[in-house]
Amino acid sequence: MGESNEDIDQMFSNLLGEMDLLTQSLGVDTLPPPDPKPPRAEFNYSVGFKDLNESLNALEDQDLDALMADLVADISEAEQRTIQAQKESSQNQHHPASPEMPDFSGAGALGYGANVVAVSVSHYENDLPPPPADPMVDLPLPPPPPEPLSQEEEAAQAKADKIKLALEKLKEAKVKKLVVKVHMNDNSTKSLMVDERQLTRDVLDNLFEKTHCDCNVDWCLYEIYTELQIERIFEDHENVVEVLSDWTRDTENKVLFLEKEEKYAVFKNPQNFYLDNKGKKEGKETNEKMNAKNKESLLEESFCGSSIIVPELEGALYLKEDGKKSWKRRYFLLRASGIYYVPKGKTKTSRDLACFIQFENVNIYYGIQCKMRYKAPTDYCFVLKHPQIQKESQYIKYLCCDNARTLNQWVMGIRIAKYGKTLYDNYQRAVARAGLASRWTNLGPASSAPPTTGLKAGTTQANGQIPQAVHSVSAVLEEAQRHAETAKDKKPALGNHEPGAPRAHQLPKSSLPPPPPVRRSSDVCGSPATVPRAKGRSGGFPAAPDDSLPPPPPPPPLEEDELPPPPPDFNDGPPDFVPPPPPSFAGDAGSQLPPPPPPPPAPAPEAPKPPPVGVKRPPAPPKRKENPGPPGGGGSGEQDFMSDLMKALQKKRGNMS
Amino acid sequence: MAGMKTATGDYIDSSWELQVFVGEEDPEAESVTLRVTGESHIGGVLLKIVEEIKRKQDWSDHAIWWEQKRQWLLQTHWTLDKYGILADARLFFGPQHRPIILRLPNRRALRLRASFSQPLFQAVAAICRLLSIRHPEELSLLRAPEKKEKKKKDKEPEEELYDLTKVVLAGGVAPALFRGMPAHFSDSAQTEACYHMLSRPQPPPDPALLQRLPRPSSLLDKTQLHSRWLDSSRCLMQQGITAGDMLWLRFKYYSFFDLDPKTDPVRLTQLYEQARWDLLLEETDCTEEEMMVFAALQYHINKLSQSGEVGEPTGTDPGLDDLDAALNNLEVKLEGSASTDVLDNLTTIPELKDYLRIFRPRKLTLKGYRQHWVVFKETTLSYYKSQDEAPGDPIQQLNLKGCEVVPDVNVSGQKFCIKLLVPSPEGMSEVYLRCQDEKQYAHWMAGCRLASKGRTMADSSYPSEVQAILAFLSLQRTGGGGSGGHPQGPDAAVEGLNPYGLVAPRFQRKFKAKQLTPRILEAHQNVAQLSLSEAQLRFIQAWQSLPDFGISYVVVRFKGSRKDEILGIANNRLIRIDLAVGDVVKTWRFSNMRQWNVNWDIRQVAIEFDEHINVAFSCISASCRIVHEYIGGYIFLSTRERARGEELDEDLFLQLTGGHEAF
């Protein structure tokens, strides 16, 4: 065993060494890399855990192959990037600055390095069949804008690129990586390499590539503590390596890749969490049928205000007593600051409540088979524990609900209280991802008329003046949502259509002011609160990490010969690949260029408004049937933040150079 | 024109004499008598009055108030006939803007001139513009509560009254900034001081005052406040307000739009103050843990504002500077997270090494504290039998990342312990570190705190953390130690802070100051890095996430019900609450509302929701106008959009909230 272990390690380090050489050969002629070739020892390719080592040993051939493919992909990526580096020109103006802020790429928060790498990897994966010309490409990686540059400029650029590449390699060499065995829902496993900068979202995207699943929002990484019999969903923003580092060496814990509809249940049916009538009259039926517009406004209200709203949740739960197998019924309440209970003989007013637990240091898990193991009253248990605790301990709190519904409410409520807005952001990214995937698969055959402009368009109408990108994004959101809902039935998602189409359809509508909040006889419902979720965060997703990249330029004029060839993703696609419509789709959500060619009829500021409210209107008569809505103003404040950020970045660069 | 006479002095036209008093509603005011006809225009009458008075003065703000009808005659092109004015009308020619005293959300008093002739909505908008508070639609004025005369008035010290009556604001555009404040504040030292009062948080109140101020003891008490709101669609004059009256300015609608610390220092501060008083006076209840967080934030905010670190630089382009700072911040954070980088600068990481006494509570052990040589490096604590053995293997090593750090301190007892709850795969292990003195304690404590968040003592916040701990210890010495549990000790207010000024009075009864201090300190560690405006924002957000936040209570009687109940009005829903028990009976959301109607005669509000749910109630503790205005106001606020910016759709507001004067 030890031997084969070594073998594999040896193999890896050889491969990685090769990568290094490649990298080095880039830099060698133009510049000495800032630091000579990193010593092998620093190449901290750590296979973190004993079990992982073991799992490596136990790997099926195919798994090993896949792993190799990963690594090879890494290398070929490096190759490709040298080529690309020549091509990329104006995009890279920020590169000289990168040595001073190496961690931008590392965190992936700004998405320079990490994401780009992740994406391009997927493209040069030799061993896997090329993913059906992944639409991802135009999302995060705007095609390099090949503006004709003078020779010197080009040379300078190339040099800068090489410096950057070299630095990145150096840094990458220090990045901790784990090989993680992920259990699929068909009982197979896949081994993945996860580096310490990757968030769950990145790993999921990676898995999407590998599995060709439908990418819907329910897919999640799921950790199971075999010994403690607890499990939970990885949140999309969690750092995978960090979570796994809490496991002990001999752990039997597992990571699964599966669909859990609980993951984002609150965003699909917020009413079940926010408007539950505490079972007063099992009014579930009416609840379930909330229309999309109201859902939207409910979410907007709960997650997009200046502070998020935690669902009001209270009720009797069973608490497992420390170290005993007895359960005590207590009345618990959820608040943003933690879980509280009503002490004996007290009322449930705020002042009497006693704090049971706060969420800062604990994660929430589902308990499995607690009935059998701990004599729990029901099997609907949730567990709170510090992530580092791996063995049974008095510091693990077990709570037991009466039914599955309450369990789900509590778990979701606690997640909302703990993660706040992040959860919503995660969801939106997931939806955007799912939307892209589903859009792509349906792009070819039928671009039928968008079936849903009616009702759903209403949800975005309040922001007629927010740039169109937002619309298309929310269109994707809706679409993906629909897709997510239909996917379960294995039906092909309805209503996926040409990206241009829905937008053209929606815009005229959306530039109308919201339905007026009419005081008397008309429909007040929803309209005031339907200010779309895009408000205030239009730049925040789905291209969020890439916002700081220069906006996608118009597609390169191909006929000019001395221009660098178009980006590889246009070249490398299968021959029958229809290039996606100009990258106007989601990639420009955060960019500050004027919207790309297909200009919507956008009558935004001068849109036909309801007759303006007369200034000298006599005192409002008591019998009004209709009130004119507030006029949609022009101009968007949305882009300001981004441009500020750009300015700041530029300024910063100026300071450094 | 009017007043044609024959040679004998008889009037031959239909003119008559109109007496107009000059000045505010004062029966002994001087008066002028004019000769007018029914066709005289108000403008002409005004001109005549001015001629008649024969005094050089700026009369532009003056207008005629018709006392009997309680109405301003503002339409200068209307004739007297059109207004229906006859010779018996009591008219007063007085200024439209008159001084009032405003009690601000921060409880300071400010004298300024407010419009007595415009609808209150506009008057408030003008006031807010003067005070540079954006989104005036969220605020309104209340009548000051009637003073109870039982206490001798002269005992109250004369409070400082800020004066802005002389400040005139150029109309139209938002005032430009000058020297970091709106230009109209920078005229004199006095107005500048006023701006500081407005834009900076006030120091914590005297605990004794807190004890004395009235606090609601039941839901019923909480309804009192809401009966005092003034009517937005009528002017101050019509509501019986006279010059010099005291009015309260408060955020009325709990739906705060686009809070931006950079452009909103006054708004943010006043909102913070309102939130703070709301919590201190127990208008909104919170739990003990939440109160500690609020107290810690107040302490932090006060510390920052006292030390003059007002956060926002007044430099050339604060927006960009902030971004730069944010980016720097980001870099620091990113660097902090990559442990490999930390390794690289190993030399720069300070260590702590000292003899400390350590205690590990275990079952069935009687061992107490034992002296150990403890080394604290990065986030790891290692201890050895003695210094000599330090190069070898430690007895135990604890990685403090993710651990819980709890102070266990008694200053007067000279006990400085740090309780650590260190997570490990097996559970949490408890360790106590006992330090010799405050200084040692502060350094180790600060280190432990940073380590628990995965940062090392190389972190830039380390020195300030040490200082904060020392400051808090000294606070504890003065606050709790000396005066034997009596918070009102005179020295308490002088030196440092009294923790009692940071919490609601019921916690004053529940805890001694020395119990309170460490808990506040504990909560403080999580907020110590915030800037002033961030801390204020955090405070407001925490306030907003309280379950009871933002509910205005009114006593109502539902149609078909025999007993009084409470109606809670929040920004998104109406809540029916049992008056006796306080339980929520039913919730209706505005988003399901189809229409509402007010029957002014029987003072009943009827609301129709989706699915033909109808609700009707009559209002008892407040007039139904107030309930109506609350509902309409919230509907109005929910139509606001970012893109519309500052402009206000006043007509819509008045449509949604007004209407009753038609009857």
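Going through the stretch A:388-420 one residue at a time, which ones are among the basic types (Lys, Arg) and either assigned to a strand (DSSP E or B) or over 24 Å from residue A:332 (Cβ atoms) (or both)? The answer is A:391, A:397.
Just one residue in the set A:391, A:456, A:385 is of a type in the set (D, E, K, R), modelled with pLDDT under 95 and surrounded by fewer than 20 Cβ atoms within 10 Å (Cβ to Cβ); that residue is A:391.
Look at the stretch B:535-555: where a residue is more than 8 Å from every other protein chain (Cβ to nearest Cβ) and a partner is basic (Lys, Arg), sitting 6+ places away or on another chain with Cβ atoms under 7 Å, you get B:553/B:222.
Residue under question is residue B:617, and the condition is that it be part of a helix (DSSP H, G or I), modelled with pLDDT of 85 or more and not small (Gly, Ala, Ser); does it hold? Working first, answer last.
Details: part of a helix (DSSP H, G or I): no; modelled with pLDDT of 85 or more: yes; not small (Gly, Ala, Ser): yes.
Taking the combined requirement at face value, the residue does not satisfy it.
Checked against (1) farther than 23 Å from residue B:557 by Cα; (2) modelled with pLDDT of 80 or more, residue B:634 meets all criteria but (1). Among the residues of the stretch B:172-191, is there at least one that is under 21 Å from residue B:550 (Cα atoms) and either among the acidic types (Asp, Glu) or touching a Ser or Thr at 6+ places or on another chain (Cβ under 6 Å) (or both)? No, the stretch B:172-191 contains no residue that is under 21 Å from residue B:550 (Cα atoms) and either among the acidic types (Asp, Glu) or touching a Ser or Thr at 6+ places or on another chain (Cβ under 6 Å) (or both).
Of the candidates B:49, B:101, B:85, the single residue that is closer than 25 Å to residue B:242 by Cβ, of a type in the set (Val, Ile, Thr) and assigned to a loop (DSSP other than H, G, I, E, B) is B:85.
Cβ separations smaller than 9 Å between residues 6+ apart or across chains give the following pairs from the stretch B:59-75 residues that are free of Cβ contacts under 8 Å to residues at least 24 places away in the same chain to residues that are of a type in the set (Asp, Glu): B:68/B:88.
The residues in the stretch A:272-313 that are at pLDDT 85 or above, at the interface with chain B (Cβ under 10 Å from one of its Cβ atoms) and assigned to a loop (DSSP other than H, G, I, E, B) can be counted, and the count is 4.
In the stretch B:97-145, the residue that is nearest to the chain's Cα centre (by Cα) out of those that are of a type in the set (Val, Ile, Thr) and either closer than 19 Å to residue B:265 by Cα or surrounded by fewer than 21 Cβ atoms within 10 Å (Cβ to Cβ) (or both) is B:133.
I need a count of the residues in the stretch B:513-534 that are within 14 Å of chain A (Cβ to nearest Cβ), farther than 21 Å from residue B:105 by Cβ and either within 20 Å of the chain's Cα centre (by Cα) or of a type in the set (Lys, Arg) (or both).
Our first condition is that a residue be within 14 Å of chain A (Cβ to nearest Cβ); within the stretch B:513-534, this holds for B:519, B:522-523, B:525-527, B:533-534.
If we keep only those that are farther than 21 Å from residue B:105 by Cβ as well, we get B:519, B:522-523, B:525-527.
Now narrow it down to the ones that are either within 20 Å of the chain's Cα centre (by Cα) or of a type in the set (Lys, Arg) (or both): B:519, B:527.
So the count comes out to 2.
Determine whether the stretch B:189-199 contains at least one residue that is closer than 22 Å to residue B:299 by Cβ, over 19 Å from the mean Cα position of the chain (by Cα) and not aromatic (Phe, Trp, Tyr).
At the first step, the residues of the stretch B:189-199 found to be closer than 22 Å to residue B:299 by Cβ are B:196-199.
If we keep only those that are over 19 Å from the mean Cα position of the chain (by Cα) too, we end up with none.
No, there is no match, as no residue in the stretch B:189-199 is closer than 22 Å to residue B:299 by Cβ, over 19 Å from the mean Cα position of the chain (by Cα) and not aromatic (Phe, Trp, Tyr).
Assessment of the stretch A:350-364 against the conditions (under 30 Å from residue B:401 (Cβ atoms), buried (at least 22 other Cβ atoms within 10 Å of the Cβ) and of a type in the set (Phe, Trp, Tyr)) yields no matching residue.
Just one of the numbered conditions (1) touching a residue at least 24 places away in the same chain (Cβ under 8 Å); (2) in a strand (DSSP E or B); (3) more than 22 Å from residue A:231 (Cα to Cα) is not true of residue A:356: (3).
For the stretch B:166-177, check the following and say yes or no: at least one residue is modelled with pLDDT under 75 and of a type in the set (Lys, Arg). Within the stretch B:166-177, none of the residues are modelled with pLDDT under 75 and of a type in the set (Lys, Arg).
Looking only at the stretch B:429-444, residues that are small (Gly, Ala, Ser) and not in a helix (DSSP H, G or I) come to 1 in all. Could you tell me whether the stretch B:604-627 includes any residue that is of a type in the set (Val, Ile, Thr) and under 25 Å from the mean Cα position of the chain (by Cα)? Yes, the stretch B:604-627 contains at least one residue that is of a type in the set (Val, Ile, Thr) and under 25 Å from the mean Cα position of the chain (by Cα). Checking the structure you have, find out if any residue of the stretch B:398-421 is buried (at least 17 other Cβ atoms within 10 Å of the Cβ), more than 13 Å from chain A (Cβ to nearest Cβ) and over 38 Å from the mean Cα position of the chain (by Cα). No: the stretch B:398-421 contains no residue that is buried (at least 17 other Cβ atoms within 10 Å of the Cβ), more than 13 Å from chain A (Cβ to nearest Cβ) and over 38 Å from the mean Cα position of the chain (by Cα). Counting only helices (runs of 4 or more DSSP H) that fall entirely inside the stretch B:172-256 and contain at least 3 residues that are under 30 Å from residue A:305 (Cβ atoms), the qualifying elements are B:189-199, B:219-224. Selection of the stretch B:582-616 for residues being on the phi > 0 side of the Ramachandran plot, more than 9 Å from chain A (Cβ to nearest Cβ) and of a type in the set (D, E, K, R) yields only B:603. What about residue B:412, is it within 30 Å of residue A:392 (Cα to Cα), small (Gly, Ala, Ser) and either touching a Lys or Arg at 6+ places or on another chain (Cβ under 7 Å) or assigned by the TED database to the domain that holds residue B:355 (or both)? It is false that residue B:412 is within 30 Å of residue A:392 (Cα to Cα), small (Gly, Ala, Ser) and either touching a Lys or Arg at 6+ places or on another chain (Cβ under 7 Å) or assigned by the TED database to the domain that holds residue B:355 (or both).
The values are calculated or read from the model by the stated rules, or taken from the named source; none is laboratory data. None of these values were measured; they are calculated from a predicted model. Quick reminder, even Gly has a Cβ in these numbers, built from the backbone with ideal geometry, and neighbours come from all protein chains shown.
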